[in-house]
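Here, each number is a calculation from the coordinates, and none is a lab measurement. Source: prediction; values computed, not measured. Because the Cβ atoms are built from the backbone with ideal geometry, glycine has one as well, and the counts that use them run over all protein chains shown.
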């Protein structure tokens, strides 16, 4: 393997932290474990990130960018009718529910562990959730739904609820039911006679 192909120490730290923060929780994972699993030293971690809080923020930011890119590509490839594209977001998210390692929304999980609204990672979490809500609102507008901003917020509630069902009861079909409920609500609005 050429040196250019090897992950940098920064990438190794981010990869390890992404995995174990999600699997075991942010509070349960110390810097000692991260550096041991990444094969780096503490000074290297602190030189790269400055603090565990900054590392958490970077992990979530990287995850956010990857999810935004993946969902954007998924939607770009989906040339269905506007309502179908909106409901396809539920299908895309539901795919993750089928994975054995899925343990809920990583952003919601992190928010629960980081109650301080001034924590550097909370801005990343808020930005991701705002992006998802905005994406849902844009799709709702394209589908011809009245008050698309409200639709985006309400559909996000369904998504967050479905994610919680996996964590609470290991309910792997929750996103599919959330999609069915969203489809019913959308159909009700679109079939209301315009007065």
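Quick notes on this one:
- Remark: the residue 70-residue 113 segment gains 12.9 nm on full extension, using 0.36 nm per residue and subtracting the alpha carbon distance.
- Per-pair calculated FRET efficiency, R0 = 35 Å: residue 81 and residue 167 via Cβ, rounded to 0.05: 0.60
- Placing R0 at 25 angstrom, the Cβ-Cβ distance between residue 123 and residue 147 gives a FRET efficiency of 0.40 after rounding to 0.05.
- Axis angle, to the nearest 10 degrees, between helix 120-142 and the longest C-alpha principal axis of the chain: 20 degrees.
- Degrees between helix 52-77 axis and first principal axis of the chain (Cα, 0 to 90, nearest 10): 40 degrees
- Principal-axis tilt of helix 148-169 within the chain, Cα atoms, nearest 10 degrees: 60 degrees
- Most mobile of 77, 15, 160 in a GNM of the chain (Cα contacts under 10 Å): 77
- Between residue 47 and residue 10, the distance separating the two model label sites (each 7 Å from Cα on the Cα→Cβ line) works out to 1.3 nm.
- Listed values [x] 55, 40, 33; [y] 67, 37, 32; [z] 41, 40, 35 include one computed from this model; for Cα extents along the principal axes in Å that value carries the label [y].
- Between residue 176 and residue 91, the simple spin-label model (points 7 angstrom out along Cα→Cβ) gives 1.3 nm.
- Site pair residue 37 and residue 157 shows an inter-label distance of 3.6 nm when each label is modelled 7 Å from Cα along Cα→Cβ.
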